[in-house]
Amino acid sequence: MNKTVETCRPDDEDTEDLELKEFFGGSPKKQKDQQECYLIIVYGDDAGKIYPLDKKAITIGRSDVVDIQLTDPSCSRKHSIIQFNDNNKPVLKDLNSTDGTFVNGSKTTEINLEDGDKIMFGVSSVFKFALQDSLEAKFQKKLYESSINDHLTCAFNKKYFLDTLSKEFSYSLRHHSSLGLLMLDIDFFKEINDTYGHIAGDIVLIEVVKKIKNNLRNEDILCRYGGDEFAVIFRNFKSGFVKATAERIRLFFDGRSINIKNHEFNISVSIGTSTIDNANIATPEDMIELADANLYKAKHSGGNCIVI
């Protein structure tokens, strides 16, 4: 029996297919959803990301405690707020921000929002205010997710990794917080592709990602860096955490096997790490270069090991 490779598929996709059929006439009882309010990033970091305005008041800024967090350093910690008035209409107010809030190119202190309005916070974070039904919102969410996820493994893709590491690096410097990076490679993966084919190799990649995720915290960020190489970004941890996590992942694979097409694959991984407190690290690229160099050392030491 041939094994089918499953790619990223949201858990609620079957439900969404049913909704689509009903929406386009499959059921006379189904009416078009009531439109709700959203903010969509149209320029800046995370372009395409959609935020539902599902609270009476939504705060926006760089602070950790706001509802919509901005990464643009020109934005104030508490930049603006969107509040729904007694008629349930959204009103945007500037919170005395340093660089101001602009709607359709004009600086404003308070304004009623209309569908399609373009809002700029600071100097480079641009959102669109939109009225959408649930199907439109789900479509927008899928577009964004497809732009940041690796289609095969469902890990984040390389672009998302580079963008996120850059943001986390800047945040770590500003707040003097911990930041770590783990680079992982599957040992002798090329032999699996050469011997059993790329479909078998794809299945191994999918299974390895699932097992790595089982050994991470919810806040850890797993990305596919390329081929069979993966990266994990760690933030807010205590001394020794990165080393301990790397060893836990290595031990998890050591001695285990994956059954594919009635073949048992013994899987092991090599890992290199780096942390922002290293004296030789001044940029996000330095973190990647050091972790990758340590990964190279681990692989050329025979694999199935860690270089810190």
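The values are calculated or read from the model by the stated rules, or taken from the named source; none is laboratory data. Predicted model only: the values in this text are computed from it and were never measured. No Cβ is skipped: glycine too gets one built from the backbone with ideal geometry, and neighbour counts run over all protein chains shown. Please note that ligands, DNA and RNA were not included when accessible areas were found on the heavy atoms of the full protein model with its side chains. Shrake-Rupley method; radii C 1.70, N 1.55, O 1.52, S 1.80 Å.
Couple of notes before you dig in:
- For segment 67-82, 3J(HN,Hα) per residue [Karplus equation, 6.51 cos²θ - 1.76 cosθ + 1.60, θ = phi - 60°, Hz, x = Gly/Pro]: 7, 10, 8, 9, 9, 5, x, 6, 7, 7, 4, 10, 8, 8, 9, 10
- Most mobile listed residue (Gly48, Gly226, Gly255) in the chain, GNM with C-alpha springs under 10 Å: Gly255
- From helices alone, the chain scores -10000 deg cm²/dmol at 222 nm; the rule is -39500 (n - 2.57) for each run of n ≥ 4 DSSP H residues, then divide by the residue total.
- Length gained when the stretch Ser301-His198 is fully extended (0.36 nm per residue, less Cα-Cα span): 34.4 nm
- Converting phi to 3J(HN,Hα) with the Karplus coefficients 6.51, -1.76 and 1.60 and the offset θ = phi - 60°, segment 241-257 yields 5, 5, 4, 5, 5, 4, 5, 5, 5, 4, 5, 4, 7, 4, x, 8, 9 Hz in sequence order, with x at every glycine or proline.
- Rounded to 10°, Cα long-axis angle of helix 284-299 versus longest principal axis of the chain: 20
- Net charge of the neighbourhood of Asp187, taken over other residues with C-beta under 11 Å away and scored Lys/Arg +1, Asp/Glu -1, is -1.
- With DNA, RNA and ligands ignored, accessible area of Cys154 (1.4 Å probe; Å², nearest 10): 50
- Among Gln69, Gln34, Gln140: highest mean-square fluctuation, GNM of the chain, C-alpha pairs under 10 Å: Gln34
- The H on the amide N of Glu36, modeled in the peptide plane, is under 5 Å from the matching H of Gln132, Asp133, each at least 5 residues off or on a different chain.
- Accessible-area composition of the chain, carbon plus sulfur, in percent [1.4 Å probe]: 48
- Per residue, the chain exposes 55 Å² of solvent-accessible protein surface, assessed with a 1.4 angstrom probe and all protein chains in place.
- Projecting the Cα atoms of Leu179, Leu131, Gly197 onto the dipole axis of the chain, where Lys and Arg carry +1 and Asp and Glu carry -1 at the beta carbon, places Leu179 farthest toward the positive end.
- Nearest-10 value in Å² for the accessible area of Tyr43, using the 1.4 Å probe: 140
- Between 0 and 90°, nearest 10: helix 134-148 axis offset from the chain longest Cα axis: 40
- Using alpha-carbon coordinates, inclination of helix 158-175 to the longest axis of the chain, degrees: 70
- Amide H contacts of Thr101 (H built 1.01 Å from N, under 5 Å, at least 5 apart or other chain): Thr108
- As a size descriptor, the averaged projected area of the C-alpha convex hull of segment 216-271 was calculated at 4.7 nm².
- About its Cα centre, the dipole of segment 162-215 is roughly 360 debye, where the only charges are +1 on Lys and Arg Cβ and -1 on Asp and Glu Cβ.
- Taking amide H as placed 1.01 Å from N in the peptide plane, the amide H of Cys154 sits under 5 Å from that of Cys8, each at least 5 places away or on another chain.
- Note on the chain: with a GNM built from Cα contacts shorter than 10 Å, the maximum mean-square fluctuation among Ala47, Ala200, Ala279 falls on Ala279.
- Taken over the Cα atoms of the chain, the convex hull encloses 156 Å³ per residue.
- Rounded to the nearest 20 debye, the dipole size of the chain about its Cα centre is 500 debye, using +1 on the Cβ of Lys and Arg and -1 on the Cβ of Asp and Glu.
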